[in-house]
1. Please determine, by comparing only the residues of region 54-93 that are of a type in the set (Gly, Ala, Ser) and under 12 Å from the mean Cα position of the chain (by Cα), which one is farthest from residue 131 (Cα to Cα).
2. Of everything in region 169-186, what is under 24 Å from residue 117 (Cβ atoms) and either surrounded by 10 or more Cβ atoms within 10 Å (Cβ to Cβ) or in contact with a helix residue (DSSP H, G or I) (Cβ under 9 Å, 6 or more places away or on another chain) (or both)? Give them in sequence order.
3. Looking at 88, 105, 189 in this structure, which one is of a type outside the set (D, E, K, R), in contact with a Pro (Cβ under 8 Å, 6 or more places away or on another chain), open to solvent by 40 Å² or more (accessible area, probe 1.4 Å) and modelled with pLDDT of 95 or more?
4. Considering only region 41-63, state which residues are open to solvent by 40 Å² or more (accessible area, probe 1.4 Å) and hydrophobic (A, V, I, L, M, F, W, C).
Amino acid sequence: MMNANHCYRPYQRIIRRIERGRLPLAATVATCAALATPAFADDEAPALSAIGIERGLELYDWDAADRCILGFHQIRITVNNVTEEGILKLELFGEKDFMRSSGKLRRIRVPAEDGPMRVCIHVPEAGEYAVVGYHDKDGDRKLDKKWNFKPKEPYGLSNNPEIKSLRLPKWEETRFTVPHDGVDIVINLVDLG
């Protein structure tokens, strides 16, 4: 089964058709190849997005959030405790392979702004999901960690569970239901210092 990593954000409609089995695999490869950005030579890098250039951040078009649409099956996330420096990163997961790279359904990176930020992520269908995020203050596209592996940068999870021990969050603590008309959630970033 294909996922959004095979074709970038502008082609989500095609990707949904592929995932639902409405577009055969041979057509998938041809469609992605025809629509994909030009191949990069070994010494070339993909171009930064306009907002990435404007803010001096390593952001690309495929990092962008989706447009917020009331009544659409999407997650409308309000993220609290953000300051205007670096990047806000949010990742969408389903239950399968929760908190693993292989289980990531979508990744959003947007310039961080002061105050509560509103970020929207389309979901392929109604169901249970979890969102994990952090404020990448230095904009290096990585979560900085302390010696004991706790986050050095502010982080947050859907349902805002309090995690006191050195462990990853559990699916049961972070999952929530997205109905057909979408859902609004709040993530409060926690700064452990």
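1. 64
2. 169, 173, 174, 175, 176, 178, 181, 182, 183, 184, 185, 186
3. On the way: 88 fails: open to solvent by 40 Å² or more (accessible area, probe 1.4 Å); 189 fails: open to solvent by 40 Å² or more (accessible area, probe 1.4 Å).
Just one listed residue meets the conditions, 105.
4. Scanning region 41-63 gives 41, 45, 47, 48, 50, 51, 53, 62.
The values are calculated or read from the model by the stated rules, or taken from the named source; none is laboratory data. Just so it is clear, the structure is predicted and the values come from calculations on it, not from any experiment. Virtual Cβ from ideal backbone geometry, glycine too; neighbours counted across all protein chains shown. Remember, those area values only see protein heavy atoms, side chains included, never the ligands or the DNA or RNA. Shrake-Rupley method; radii C 1.70, N 1.55, O 1.52, S 1.80 Å.
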